[in-house]
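The values are calculated or read from the model by the stated rules, or taken from the named source; none is laboratory data. Keep in mind the model is a prediction, meaning the values are calculated, not measured. FYI the Cβ positions are ideal-geometry reconstructions off the backbone, even for glycines, and counts take in every protein chain you see.
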Ligand SMILES: [Zn+2]
């Protein structure tokens, strides 16, 4: 994990060497902070906890954007605090914990199993995270994973997109859902209608500005257009074997 970098005065982002996975920290005025998707290796989460200590920030809550293994990690060093997620994300990780844990052990062994995926559903009828810091709006959708949530921090002009709007990954579809492309397009439409975004933070990749957010939304729409006509092989983000494999799975699904 590279050290936390200031994206705005209240939003800090650290980036892991594992799949360029980001961890976002949102600071409140009272010296507490919200930690979103701490990742990815156990030692890196320890370093994150040490960095927060040096900054004088005490974790008051966590948030997991979606029920994939690299987004539901935690360490005792971050504290015993509520780790929120959408109710759907909690249901999915509760049902698929063993499989998610197996994937975590394969790629980033040594996480605390007792804390893995132990999430608290957001209170019903709430669209913000209950914590003392800046307002964090939860934008729930079903692209990439059921119960996936983007987080919008309007006072900071920041949008955390979870596993979407990446500069290094194509749209990754959840092919078990009835309409994975439609779900994806809908979420992109929702993101493009969010006003005043000056910084986009993807779950994997680099932080961009507001213009870059719209460039990525267009790149993702273009990929989906191509996919629906059996193409997309020339997307510049297809740089690694696992991404090319995902693309082939998408194509096979569309042809079926
Ligand atoms: Zn994911």
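All told, residue 155 meets the bar of being part of a helix (DSSP H, G or I), touching a residue at least 12 places away in the same chain (Cβ under 8 Å) and more than 19 Å from residue 203 (Cβ to Cβ). Can you pull out the residues in segment 203-218 that are assigned to a loop (DSSP other than H, G, I, E, B) and touching a strand residue (DSSP E or B) at 6+ places or on another chain (Cβ under 7 Å)? Selection gives 203, 207. The set of residues in segment 19-69 being part of a loop (DSSP other than H, G, I, E, B) and within 15 Å of the ligand (Cβ to nearest atom) consists of 19, 20, 37, 38, 39, 40, 64, 65, 66, 67, 68. The combined condition, being more than 20 Å from residue 136 (Cα to Cα) and in contact with a strand residue (DSSP E or B) (Cβ under 6 Å, 6 or more places away or on another chain), is not fulfilled by residue 32.
Considering the conditions (1) crowded, with 22+ Cβ neighbours inside 10 Å; (2) assigned to a helix (DSSP H, G or I); (3) away from the ligand (no atom under 16 Å from the Cβ), residue 200 is excluded by exactly one of them, (2). Among the residues of segment 234-243, just one is surrounded by 12 or more Cβ atoms within 10 Å (Cβ to Cβ) and more than 21 Å from the chain's Cα centre (by Cα), namely 235.
All of 176, 221 fail the test of being on the phi < 0 side of the Ramachandran plot, surrounded by fewer than 18 Cβ atoms within 10 Å (Cβ to Cβ) and not in a loop (DSSP other than H, G, I, E, B), apart from 221.
Evaluate segment 84-95: report whether one residue or more is more than 16 Å from the ligand (Cβ to nearest atom), surrounded by 17 or more Cβ atoms within 10 Å (Cβ to Cβ), within 22 Å of residue 30 (Cα to Cα) and free of Cβ contacts under 8 Å to residues at least 40 places away in the same chain. No, because not a single residue in segment 84-95 is more than 16 Å from the ligand (Cβ to nearest atom), surrounded by 17 or more Cβ atoms within 10 Å (Cβ to Cβ), within 22 Å of residue 30 (Cα to Cα) and free of Cβ contacts under 8 Å to residues at least 40 places away in the same chain. The single condition among (1) within 14 Å of the ligand (Cβ to nearest atom); (2) farther than 19 Å from residue 122 by Cβ that residue 187 does not meet is (2). When segment 99-153 is filtered for residues that are within 16 Å of the ligand (Cβ to nearest atom) and assigned by TED's automatic domain parsing to the domain that holds residue 46, the ones remaining, listed by number, are 99, 100, 101, 102, 103, 104, 106, 107, 108, 116, 117, 119.
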